[in-house]
Every structure is written in structure tokens, then in C-alpha cells.
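Report on one structure; see the data block that follows.
The values are calculated or read from the model by the stated rules, or taken from the named source; none is laboratory data. Predicted, not measured: the structure shown is a model, and the values here were computed from it. Heads up, the Cβs are rebuilt from the backbone with ideal geometry, glycines too, and the neighbour counts pull from every protein chain shown. Areas reflect the complete protein model, heavy atoms only, side chains present, ligands, DNA and RNA absent. Shrake-Rupley method; radii C 1.70, N 1.55, O 1.52, S 1.80 Å.
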Amino acid sequence: GRTWTGVGELCAEMKDKNVLIRGAAQAIRSVSKKMAFLVVRQMMSTVQCVLVVSKDVVSPQMVRFATSLSKESIVDVEGVISVPNEPIKGTTQQVEIQVRKLYCINRAVPNLPINIEDASRSEIEFKKAEDSGEQLVRVGQDTRLNHRVLDLRTPANQAIFEIQSQVEKVFRQFLESEGFRGIHTPKLIAGSSEGGAAVFKLDYKGQPACLAQSPQLHKQMTICGGFGRVFEVGPVFRAEDSYTHRHLCEFVGLDVEMEIKEHYFEVCDIVDRLFVAMFDHLNMNCSKELESINRQYPFQPLKYLPKTLRLTYDEGIQMLKEAGVETEPMGDLNTESEKKLGKLVSDKYNTDFYMLTRYPLGIRPFYTMPCYDNPAYSNSFDVFIRGEEIISGAQRVHLPELLTKRAEQCGIDVKTISTYIDSFRYGTPPHGGFGVGLERVVMLFCGLNNIRKSSLFPRDPQRLTP
Ligand code: ATP
Ligand code: MG
Ligand code: MG
Ligand code: MG
């Protein structure tokens with residue numbers, strides 16, 4: 001077969017070489033009957049292709065053909081690499097291709113619902129363009145999501161989903177290297193796993209069932225099954241009833257469960273090392289992606305410490321109180337106070353990534369282990385990036401009597417989870433774990449303002465397509 005070169009690989013060292021590339025015709029500019037420019041894009045990279053009429057290579061018909069292409073059509077371009085004297089504006093690659101052959105592989109319709117170049121501009125660039133009288137088409141979030149396949153072609157989106165892929169990769173690699181086994185738990189289950197109303201109910205061949213709100217029950221049951229350390233990457237379903245910037249009805253859960261030898265801080269230690277490794281990896285290996293996101297959605301790089309800051313819930317509440325923020329006694333932080341605390345912690349400790357431990361038992365799920373010294377509190381924690389929750393974790397109740405009592409106290413129909421509770425009657429080690437939202441990690445690491453930006457095809461209370 002022929003040799004293909006990736007657009008991103010094109011560089012000055014290839015000067016005078018003949019190359020063959022495939023990509024989308026992002027911009028087409030006709031200069032004269034004898035000359036045209038074509039910007040070809042492949043993922044995050046773009047290159048300028050030049051057609052100039054010459055005796056045996058490029059005919060006037062070929063130039064006409066190039067200028068008649070519709071934007072986003074897929075083209076194959078063969079030509080010779082040249083290096084212009086001045087820097088090339090508007091493309092990522094600093095070389096040009098002097099076109100010898102041009103094929104259209106698949107035509108796009110002429111009227112696209114989204115113009116990729118306009119949709120790639122930052123808000124600041126938009127304002128500038130408007131001030132200078134340029135006509136750009138602004139696309140709102142709904143338009144973007146309705147035509148997601150086009151929206152995904154913007155460099156920022158290419159970068160966001162590369163980051164997502166890297167987050168998942170580090171999650172798996174780190175945990176495998178620490179002796180965790182990858183598992184897959186059922187998503188069709190008999191009773192709600194987290195309690196509450198946010199559950200999708202369905203009919204399972206005549207039996208009431210629901211979509212798993214987390215892998216919680218079954219991941220714990222693998223610990224009962226003698227798997228010492230497990231992780232799962234899988235879908236999580238929540239029938240969230242309101243439209244917020246950080247809740248989806250389906251998201252990707254990164255879950256961990258592990259035996260505990262002495263203290264639930266062993267779980268916190270895994271969180272700490274996993275996330276520091278993840279942030280280091282992203283900063284070291286994804287600078288191109290982070291730059292690309294930053295260009296469209298400016299953000300400050302994440303501040304984090306080599307060892308993650310841990311505060312107790314009470315200490316966090318105290319900081320808020322001192323700053324004049326009243327919270328509900330022994331209550332959960334709402335989004336606003338979470339953000340406020342994030343700001344206070346960032347100012348005081350110079351980190352955007354931290355952990356709150358020892359939450360009140362009353363605001364944690366029924367399977368959470370109460371503190372041995374004070375059962376009003378629990379062996380549990382939340383982790384925050386830029387003042388928003390990305391993780392909840394805890395030691396679990398492995399004692400069947402206490403588990404039954406806690407489920408009843410929390411208003412759970414014990415019958416629907418009897419096989420789960422019974423699992424703890426045959427000898428189970430103390431254990432704990434945590435759940436992370438993949439889209440939340442990406443959103444907050446990159447300082448994005450909406451979780452829909454880090455979900456490929458978001459599912460929210462109003463959206464089930466595309
Ligand atoms: P929140 O307080 O934001 O509603 P939660 O405490 O209800 O989150 P958990 O049950 O602790 O969420 O789930 C573990 C993690 O899963 C959360 O820390 C978050 O990263 C993610 N998550 C929870 N709900 C959603 C959702 N609806 N959409 C996307 N991610 C979510
Ligand atoms: Mg919630
Ligand atoms: Mg929460
Ligand atoms: Mg939580």
C-alpha cells in the first residue's frame with residue numbers, strides 16, 4: 001500500500017519530500033483561476049495545501065475542483081513539502097504541501113449547521129472579531145450538542161477527549177500496578193444501590209428492577225468473594241431531577257474497592273497517589289492538549305501538592321464559619337459552600353485539590369462505617385478539585401447486623417438487598433473504596449464550566465439524543 005503521513009507529523013525536516021495525507025477540508029480559499037489554498041485538518045492538526053497551476057502537474061480544472069469542494073469534505077492530498085519564509089498563520093503545522101494530486105473521498109453537504117473554525121474560537125476572539133466587524137456565527141451549547149459530530153471536530157474537543165482517555169489509562173495502569181483487579185458488575189439490578197429517588201426504574205421481564213446508580217453493592221460483594229483489591233470503569237445511571245452544570249443522567253464511574261488492614265486512610269492513600277500520578281502524567285504528556293483547551297476555554301493550571309491536603313469535615317466547616325458562611329449543622333455542603341471552601345483552601349494552602357474526611361454519618365449512604373470513637377461521624381471522605389466534588393469514599397460496614405440496622409434507619413427496603421447483606425455472613429475482611437466521576441475529573445482538571453463539555457454524548461434530564 002501507499003505510505004500515509006499524519007498531518008501532525010508534517011515538519012520542516014521533511015522539506016522536498018513527497019507525502020500523502022487524508023483529512024477534512026477545513027477551509028478553501030480561491031486566489032485566482034490559477035491558485036487556491038486548502039487547509040486540511042486531521043484531529044488537532046492542520047496544514048496548508050497550495051495548488052498552483054503548472055505545466056504537467058496542476059491543471060486549471062484541478063484548481064477549480066479544489067475550490068468547488070464543500071467544507072469538511074474528506075480529501076486525500078499528495079504533494080511536496082515546502083517551508084515558507086514567514087510563519088504560517090492559522091495552521092498548526094509550519095510547512096505547506098505543494099499539491100500534486102487531490103482526491104475527494106467523501107463530500108460534506110454545503111450548508112453545515114456548525115462552522116468548525118467559528119466554533120473553535122474563544123469568547124475573547126469572538127469579541128475581538130465582532131469589534132473589528134467580522135461576521136462569525138456564534139454557536140450555543142444546544143446547537144453544539146445537537147450536531148455533536150461536527151462540534152467534536154474542534155481542537156478543544158479533540159483535546160478534551162484525549163485527556164479523558166489518558167485519565168482512564170492512568171486510572172487502570174496505576175491500579176493494576178498496585179495489585180487491583182479490573183471487574184465488571186451488573187448494571188441491571190433489583191434494588192437501588194444508593195437509596196433516594198434518583199433511580200431509573202424498569203421492568204425486568206415482569207420483575208421490578210433498576211439501572212445501577214453505582215457499582216457499590218457488587219463491587220463490595222467481590223471483596224466478599226475474596227478479591228482483595230478491585231477497580232471498575234463503567235456506566236453509572238442517575239435520574240437526576242434538576243439541570244445543573246455538573247450532573248448527568250449517565251456518566252462513567254471510576255470505582256475502587258479494597259481490603260483495609262488497619263485504617264480507612266489506606267484508601268485515602270491510594271486516592272492521593274493515584275491522583276498525583278494522574279495530574280503529573282497529564283501535565284507531562286498532554287501539554288499540547290491542555291494548550292488547545294486553554295486557547296478556547298482559558299483556565300489556570302491545577303495547583304496540587306505532592307501529598308494531598310487532608311482536612312476534617314469539622315475543620316472545613318470551621319473555615320467557612322470564620323469566613324462568614326453558615327452551613328446546616330452536620331449537613332452536606334451545597335455546591336455554593338463547596339466552591340467557597342475551595343477558594344478558602346486554595347488561598348490558605350495553595351492547592352486546588354484536597355480531601356475532607358470524617359463526614360457526619362447522617363449524610364452518608366447506609367453502607368458507610370460509623371467512626372469507632374463517635375458514631376455521629378463516619379470513616380468517610382470527599383475529594384474536591386477547584387471546590388467541586390469529584391470523589392466520595394469510605395470504609396464500608398462489613399458486619400451484617402449493623403448493615404441491616406443502618407439500611408432500615410435509612411429507609412431502605414432490606415428485602416431488595418438481602419443477597420447483598422447475606423454476602424457478609426460468610427467472613428469478609430474490613431474494606432473500603434471510592435467512586436469517581438470521569439467527566440467531573442476532566443471538567444475540573446481543565447477548568448471547564450459544564451460537564452456536558454467533557455461528556456461525548458451527554459445524557460441529562462432534557463437530552464436523550466444524539
Ligand atoms: P453530588 O454531590 O455532586 O451530587 P454525589 O455525592 O451525589 O455527587 P456520589 O454518589 O458520591 O455523588 O458519586 C461519586 C462521584 O460520582 C461523585 O463524586 C462525582 O464525581 C460523580 N457523580 C455523581 N453524580 C454524578 C452525576 N449526576 N453526573 C456526573 N457525575 C456524577
Ligand atoms: Mg448527587
Ligand atoms: Mg456529594
Ligand atoms: Mg458524594
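The dipole here belongs to the chain: it is taken about the Cα centre, uses +1 on the Cβ of Lys and Arg and -1 on the Cβ of Asp and Glu, and is about 1760 debye. Return one whole number: the accessible area per residue of the chain in Å², for a 1.4 Å probe. Accessible surface, normalised per residue, equals 48 Å².
Listed cross-link partners K321/K453; K307/K453; K71/K101; K89/K128; K219/K343 are compared with a 23 Å cut-off, the Cα-Cα value being larger for K321/K453; K307/K453; K219/K343. Projected over every direction and averaged, the convex hull enclosing the alpha-carbon atoms of the chain yields 28.0 nm².
Given R0 = 41 Å, the distance between the Cβ atoms of E266 and C410 translates into a calculated FRET efficiency of 0.95. Using R₀ = 30 Å, calculate the FRET efficiency as 1/(1 + (r/R₀)^6) where r is the Cβ-Cβ separation of S165 and N449; round to 0.05. The computed FRET efficiency comes out at 0.90.
Placing unit charges on C-beta atoms (Lys and Arg positive, Asp and Glu negative, everything else neutral), compute the dipole magnitude of the stretch 403-457 about its Cα centre in debye, rounded to 20.
On the way: 7 positive and 4 negative charges, 25 e Å.
Magnitude of the dipole: close to 120 debye.
Shape of the stretch 128-254 from the C-alpha gyration tensor: oblate (a/c of 1.5 or more and a/b not above b/c, with a ≥ b ≥ c the square roots of its eigenvalues).
Determine the shape class of the stretch 217-327: with a ≥ b ≥ c the square roots of the Cα gyration tensor eigenvalues, call it rounded for a/c under 1.5, and otherwise prolate if a/b is greater than b/c, oblate otherwise. Walk me through the numbers on the way to the answer.
Values: a/c = 1.36, a/b = 1.20, b/c = 1.13.
Rounded, since a/c falls under 1.5.
The length gained by stretching the chain between D56 and C11 to full extension, at 0.36 nm per residue less their Cα-Cα distance, is 13.6 nm. Set the Förster radius R0 to 45 Å, insert the Cβ-Cβ distance between N334 and S30 as r into 1/(1 + (r/R0)^6), and round the FRET efficiency to 0.05. Calculated transfer efficiency: 0.20. In this Cβ point-charge picture (+1 for Lys and Arg, -1 for Asp and Glu), the stretch 138-269 has a dipole of about 500 debye about its Cα centre.
Summary of packing: across the peptides 262-274, 101-113, the per-residue average of other C-beta atoms within 10 Å ranks them, highest first, as 262-274, 101-113. Dipole orientation for the chain: of the candidates P208, L403, N115, N115 has the Cα lying most toward the positive pole (charges on Cβ; Lys, Arg +1; Asp, Glu -1). The trypsin sites (Lys or Arg not before Pro) of the stretch 1-69 that DSSP puts in a loop, and whose beta carbon has at most 14 other beta carbons within 10 Å, are R2, K15, K17, K33, K34, K55.
Just check the stretch 218-267 against the gyration tensor rule for me: Cα atoms, a ≥ b ≥ c as the square roots of the eigenvalues, rounded for a/c under 1.5, and otherwise prolate or oblate depending on whether a/b exceeds b/c. It is prolate, given that a/c is not under 1.5 and a/b is the larger ratio. Applying 0.36 nm per residue to the separation of H281 and R64 and subtracting their alpha-carbon distance, the gain on full extension is 73.4 nm.
Note on K321 and Q141: their simple-model spin labels are 3.6 nm apart, each label 7 Å out from Cα toward Cβ. Stretching E134 away from S418 to a fully extended chain increases their span by 95.7 nm, per 0.36 nm per residue minus the current alpha-carbon distance.
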